[in-house]
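Participant: Once you've had a glance at the structure underneath, I'll fire off some questions.
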Number of protein chains: 2
Amino acid sequence: MSEKATTVQDVARTAGVSTATVSRALSTPDKVSERTREVVFKAVEQTGYRVNRAARNLRTQRSNTALVILPDLSNPFFSEILEGISDHLSGTGYSMLVAGMTQIRDSGERLIDYLNDGRADGMIVLDGSLPQDAISSLTAPTHRDKIVFACEWTNQADFPSVRSRNRQGARDAIRHLYDLGHRKIGHITGPEGNVLSLERRDGAVAELTGLGIAPRAEWVIPAGFSLPDGRKAAQRFLKLKDRPTAIFCASDIQAIALISELQRHDIRVPNDLSVVGFDDIEMAEFVTPALTTIRQDRFQLGYAAAVLLMECISKDSSRDYAQIHQIPTNLVPRDSTAPLLP
Amino acid sequence: MSEKATTVQDVARTAGVSTATVSRALSTPDKVSERTREVVFKAVEQTGYRVNRAARNLRTQRSNTALVILPDLSNPFFSEILEGISDHLSGTGYSMLVAGMTQIRDSGERLIDYLNDGRADGMIVLDGSLPQDAISSLTAPTHRDKIVFACEWTNQADFPSVRSRNRQGARDAIRHLYDLGHRKIGHITGPEGNVLSLERRDGAVAELTGLGIAPRAEWVIPAGFSLPDGRKAAQRFLKLKDRPTAIFCASDIQAIALISELQRHDIRVPNDLSVVGFDDIEMAEFVTPALTTIRQDRFQLGYAAAVLLMECISKDSSRDYAQIHQIPTNLVPRDSTAPLLP
DNA sequence: ACCAAGAATGTAATCGATTGCATGAAGTGA
DNA sequence: TCACTTCATGCAATCGATTACATTCTTGGT
């Protein structure tokens with residue numbers, strides 16, 4: 001009954017070879033003669049053998065596991081990125097450990113420990129706001145080749161990263177509104193200090209300026225990416241005496257909440273106000289009016305990050321420093337934007 | 001430069017004790033005299049020692065890792081459950097491995113291997129539709145005590161599980177509509193064969209019947225939980241000659257898409273039709289009209305599942321079979337339901 | 001003062017797979 | 001046929017922590 005797991009020893013015995021040969025037959029099949037290879041495979045089949053990961057990890061000093069760090073596990077925005085990551089990882093035999101910064105902080109763990117104690121071979125960080133000490137510990141030469149940022153990033157160190165063309169996306173959003181005839185264009189920002197917020201705001205400002213429109217300070221409404229933030233932004237908007245005719249929001253979620261709240265106050269979108277979001281979350285297509293937005297390919301973002309991480313980990317040669325992969329965004333016109341009425 | 005990781009040996013040496021003592025000082029501090037304990041701690045401090053997980057895992061035959069299985073990584077519904085799980089796990093020193101069934105199938109892995117090869121000590125399954133062979137392999141006596149279902153479950157085996165009171169939630173939804181004066185009440189179901197769909201439909205039917213209302217077959221519209229499903233359901237709804245005055249949807253997402261599509265066809269919610277959803281996703285409060293729904297506490301669901309799993313794993317005594325933990329749901333009345341107009 | 005019980009520590013085996021080195025077999029070229 | 005390379009395999013060390021067992025040191029009771 002005692003159901004002891006089968007080991008290489010068992011396989012070696014039934015195959016009539018040494019454990020070394022079994023191991024080789026499995027991990028480097030071409031170093032073994034065809035005949036023994038088959039014998040071993042058959043023995044593996046018979047005994048139902050599976051390598052013990054703990055033993056392999058100890059010996060090889062690799063875990064075949066990647067750690068993914070989210071700022072906040074409960075944020076649904078990341079799910080599609082996770083899928084992209086997992087999709088590539090699982091193809092390369094890697095497993096995906098997931099942790100949220102909140103939990104990590106609470107449990108008093110340090111990110112770097114995951115790398116040190118052999119739980120993970122590398123990590124993908126989706127949080128641009130790591131505490132300073134975390135960042136500096138990660139920059140240690142032993143670790144810098146095991147870390148990749150995705151989606152967000154940090155300016156305090158130059159890690160390789162994968163990100164959307166946030167600035168260009170923002171420009172496209174503004175341009176779209178301009179092309180519809182809008183000249184009075186506002187912007188709801190993301191959270192203060194966040195790299196994405198900055199890029200999107202800068203992009204918007206740059207495009208406006210380029211189009212000969214001076215951005216008006218009271219039309220740049222500071223907010224965060226979340227639903228409540230969007231609602232609050234709407235309330236700020238309602239208080240404006242002179243209102244823009246179009247708004248570019250730093251996130252879809254925010255835009256959806258904003259529209260909802262404005263509708264409640266009888267402002268019609270797109271008739272009274274055109275709104276562009278950012279992200280193209282699935283919901284964007286299904287709200288009324290369907291949201292015009294800047295699509296970022298989150299699956300691709302995750303996938304590319306995983307590819308990049310695997311490269312970093314495996315590459316023994318010193319690699320060109322701190323690559324930045326930019327994923328294109330694109331405008332998805334829907335019903336929340338319309339030509340400016342004369 | 002070669003930055004070799006510090007081991008118990010190093011600590012033992014600097015502390016002037018044996019490795020056994022170091023190990024004991026760290027894992028069973030009371031088996032060691034106060035004096036040596038301090039010396040060891042100091043040495044740990046000095047050397048910056050961290051246990052090597054691979055080595056520990058091999059020796060102890062535990063990984064201190066739990067595997068979480070999602071049907072679909074990209075589905076944002078699960079993020080809050082994940083947070084609940086992680087919140088408890090990280091408190092007990094466990095790490096969380098996450099995998100989607102899609103990826104697992106594609107990579108040809110078997111769930112059971114995670115348990116066998118020492119990657120995980122136990123698993124939380126959020127997918128009620130595992131393939132038959134997966135389920136039967138998991139029922140093996142060696143594994144059945146390492147598995148917990150959460151949110152969804154399977155009827156093909158009796159694993160312990162944590163779930164919402166789906167039936168009661170559905171009853172509450174119907175009752176709410178009834179109390180508002182509605183008698184012509186429809187239902188959009190979840191995907192065929194899904195346990196949640198079944199429970200919610202059964203609950204709705206039971207409540208209707210209990211209230212003396214005979215459920216009408218054409219008012220039970222088969223659908224899935226997703227946004228496109230909700231839209232399709234709306235189209236089916238529009239074709240009805242005799243329409244209900246109220247609808248209970250099996251998911252919020254579905255309800256949101258349904259309302260959006262109906263609004264596009266000038267059906268006003270709640271004036272022309274009252275709608276109740278299920279889940280209380282964050283968005284529910286922020287759409288127009290704000291969605292009346294049955295709240296299920298997803299964080300709690302995940303948290304309880306993690307607690308249950310840890311119990312199962314640690315309990316050496318044979319435990320009472322296949323506990324089912326039910327998490328209460330509750331009605332959250334908002335603006336998508338209104339009294340039936342005379 | 002002596003012995004037994006218990007506490008603290010050390011020695012060395014162990015977990016299971018991988019791999020450097022050694023050995024033997026087979027093949028190659030002159 | 002001989003020397004020599006190449007290939008296939010086996011032996012045994014190794015990864016780093018834990019723990020059964022042995023040993024030494026306390027301590028308390030009589």
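The values are calculated or read from the model by the stated rules, or taken from the named source; none is laboratory data. Remember, it's a predicted structure, so these values are computed and weren't measured experimentally. With ideal geometry, Cβ positions are generated from the backbone for all residues, glycine too; neighbour counts draw on all protein chains shown. Accessible surface is based on the protein model in full, side chains and every heavy atom, while ligands, DNA and RNA are left aside. Shrake-Rupley method; radii C 1.70, N 1.55, O 1.52, S 1.80 Å.
Participant: On average, how many beta carbons from a partner chain sit within 10 Å of the beta carbon of a residue in A:43-56?
Facilitator: Mean number of neighbouring Cβ atoms from other chains: 4.
Participant: Looking at chain B as a GNM with Cα springs under 10 Å, which of B:Ser164, B:Ser33, B:Ser314 has the largest mean-square fluctuation?
Facilitator: Comparing B:Ser164, B:Ser33, B:Ser314 in the GNM, the peak value goes to B:Ser33.
Participant: Let me ask you something else. In Å and whole numbers, how far do the C-alpha atoms of the stretch B:8-51 stretch along each principal axis, longest first?
Facilitator: Ordered largest first, the stretch B:8-51 gives principal extents of 22, 18, 15 Å.
Participant: While we're here: Might you report the magnitude of the Cβ-based charge dipole of the stretch B:29-92 about its Cα centre, with Lys and Arg at +1 and Asp and Glu at -1, to the nearest 20 debye?
Facilitator: Taking the Cα centre of the stretch B:29-92 as origin, the dipole is about 620 debye.
Participant: Collect residues whose amide H, placed 1.01 Å from N in the peptide plane, falls under 5 Å from the amide H of B:Thr292; neighbours closer than 5 in sequence don't count.
Facilitator: B:Gly277, B:Arg334, B:Asp335, B:Ser336, B:Thr337
Participant: May I ask which residue of chain A has the beta-carbon nearest to the axis carrying chain A onto chain B, and at what distance in whole Å?
Facilitator: Residue with the nearest Cβ, plus whole-Å distance, for chain A: A:Pro76, 2.
Participant: For the stretch B:1-155, state the average projected area of the convex hull of the C-alpha atoms over all orientations, rounded to one decimal in nm².
Facilitator: Result: 12.4 nm².
Participant: Rolling a 1.4 Å sphere over the protein heavy atoms, what is the accessible area per residue of the protein assembly as shown, to the nearest Å²?
Facilitator: In whole numbers, the protein assembly as shown has 44 Å² accessible per residue.
Participant: Hey, what angle do you get for helix A:298-314 against the long axis of chain A, alpha-carbon based, 0 to 90 degrees rounded to 10?
Facilitator: Its long axis makes an angle of about 40 degrees.
Participant: Please report the relative contact order for the stretch B:1-127, taking Cα pairs under 8 Å with a sequence separation of at least 6, and give it as a percent rounded to a whole number.
Facilitator: Relative contact order, the stretch B:1-127: 26 percent.
Participant: Per DSSP H run of at least 4 residues, take -39500 (n - 2.57); add these up for chain B, divide by its residues and hand me the 222 nm value, nearest 500 deg cm²/dmol.
Facilitator: Value at 222 nm, helices only: -13000 deg cm²/dmol.
Participant: Using the alpha-carbon centroid of each, what span in Å lies between the stretch A:73-87 and the stretch A:152-217?
Facilitator: Cα centroid of the stretch A:73-87 versus Cα centroid of the stretch A:152-217: 24 Å apart.
Participant: Turning to a different aspect of this structure: Hey, if you put +1 on the Cβ of every Lys and Arg and -1 on every Asp and Glu Cβ in chain A, which of A:His187, A:Pro228, A:Pro71 ends up farthest toward the positive end of that dipole?
Facilitator: A:Pro71
Participant: If you line up the long axis of helix A:227-239 against the longest principal axis of chain A, both from Cα atoms, how many degrees apart are they, to the nearest 10?
Facilitator: Helix A:227-239 and the main axis of chain A meet at about 10 degrees.
Participant: With the solvent-accessible surface defined on protein heavy atoms using a 1.4 Å probe, which residues belonging to the stretch A:229-264 display a reduction of at least 30 Å² in accessible area in the multichain context relative to the isolated chain?
Facilitator: Residues shielded by partner chains are A:Arg231, A:Ser260, A:Arg264.
Participant: Which residues does the label zone of A:Lys184 cover in the stretch A:203-218, counting backbone N under 20 Å from a point 7 Å along Cα→Cβ?
Facilitator: A:205, A:208-209, A:211-218
Participant: Further question: Starting from the 7 Å offset along Cα-to-Cβ, what nm value, one decimal, do you get for the label separation of B:Asn64 and A:Gln9?
Facilitator: If labels sit at B:Asn64 and A:Gln9, their model points lie 2.7 nm apart.
Participant: Looking at the stretch B:248-304, which chymotrypsin sites (Phe, Trp or Tyr not before Pro) are DSSP coil and have at most 11 other C-beta atoms within 10 Å of their C-beta?
Facilitator: Answer by residue number: there is no such site.
Participant: When the Karplus curve 6.51 cos²θ - 1.76 cosθ + 1.60 is applied with θ = phi - 60°, which whole-Hz ³J(HN,Hα) does each residue of the stretch A:329-336 get, with x for Gly and Pro?
Facilitator: Result, rounded to whole Hz: 10, 8, 6, 10, x, 9, 9, 8.
Participant: Return the sequence-ordered ³J(HN,Hα) values of the stretch A:59-70 in whole Hz as given by the Karplus equation 6.51 cos²θ - 1.76 cosθ + 1.60 applied to θ = phi - 60°, using x for Gly and Pro.
Facilitator: 5, 8, 6, 9, 10, 6, 9, 10, 9, 10, 10, 9
Participant: Which far-off residues, 5 or more places away or on another chain, put their amide H under 5 Å from the one on A:His187, with H placed in the peptide plane?
Facilitator: For A:His187, whose amide H was placed from the backbone, the distant partners under 5 Å are A:Val220, A:Ile221, A:Phe248.
Participant: May I have the convex hull volume per residue, in Å³, for the Cα set of the protein assembly as shown?
Facilitator: Dividing the Cα hull volume of the protein assembly as shown by its residues yields 196 Å³.
Participant: So, one more: State, as an integer percentage, the relative contact order of chain A based on alpha-carbon contacts under 8 Å between residues 6 or more apart.
Facilitator: Relative contact order for chain A comes out at 17 percent.
Participant: When the Karplus curve 6.51 cos²θ - 1.76 cosθ + 1.60 is applied with θ = phi - 60°, which whole-Hz ³J(HN,Hα) does each residue of the stretch B:94-108 get, with x for Gly and Pro?
Facilitator: Here the 3J(HN,Hα) series is 8, 9, 10, 8, 10, 9, x, 4, 4, 5, 4, 4, 4, 7, x Hz.
Participant: Pop out the carbon and sulfur fraction of the accessible area of chain A as a percent, whole number, probe 1.4 Å.
Facilitator: C and S fraction of accessible area: 49 percent.
Participant: Long-range amide H contacts for B:Leu331: which residues qualify at under 5 Å (H placed 1.01 Å from N, peptide plane, sequence gap of 5 or more or a different chain)?
Facilitator: Under 5 Å from the amide H of B:Leu331: B:Arg295.
Participant: Efficiency by 1/(1 + (r/R0)^6): what FRET value for B:Asp113 and B:Leu238, r their Cβ-Cβ distance, R0 = 51 Å, to the nearest 0.05?
Facilitator: So the FRET efficiency works out to roughly 0.60.
Participant: Looking at chain B as a GNM with Cα springs under 10 Å, which of B:Ala257, B:Ala214, B:Ala66 has the largest mean-square fluctuation?
Facilitator: Sorting by GNM fluctuation, first place goes to B:Ala214.
Participant: Across bins of 10 angstrom width beginning at 0, how are the C-alpha pair distances of chain B distributed, in whole percent?
Facilitator: 5, 22, 24, 19, 14, 8, 6, 3, 0
Participant: Let me ask something else about it. Among the aspartates and glutamates, which fall within straight-line cross-link reach of B:Lys239, defined as a Cα-Cα distance under 15 Å, with same-chain neighbours fewer than 8 residues apart omitted?
Facilitator: Within reach: B:Glu218, B:Glu261, B:Asp266.
Participant: At a probe radius of 1.4 Å, figure out the A/B buried accessible area, summed over both chains, and give it in Å² to the nearest 100.
Facilitator: Approximately 4700 Å², summed over both chains.
Participant: Give the angle, between 0 and 90 degrees and rounded to the nearest 10, that separates the Cα long axis of helix A:195-210 from the longest principal axis of the Cα atoms of chain A.
Facilitator: 40
Participant: R0 = 56 Å: FRET efficiency of B:Leu341 with B:Lys315, Cβ-based, nearest 0.05?
Facilitator: The computed FRET efficiency comes out at 0.50.
Participant: How do A:22-29, B:237-244, B:94-101 rank on mean C-beta neighbours within 10 Å, highest first?
Facilitator: B:94-101, A:22-29, B:237-244
Participant: Given the options B:Glu311, B:Glu38, B:Glu261, state which has the largest fluctuation in a GNM of chain B using a 10 Å cut-off (strictly under) for Cα springs.
Facilitator: Looking only at B:Glu311, B:Glu38, B:Glu261, the biggest GNM fluctuation is shown by B:Glu38.
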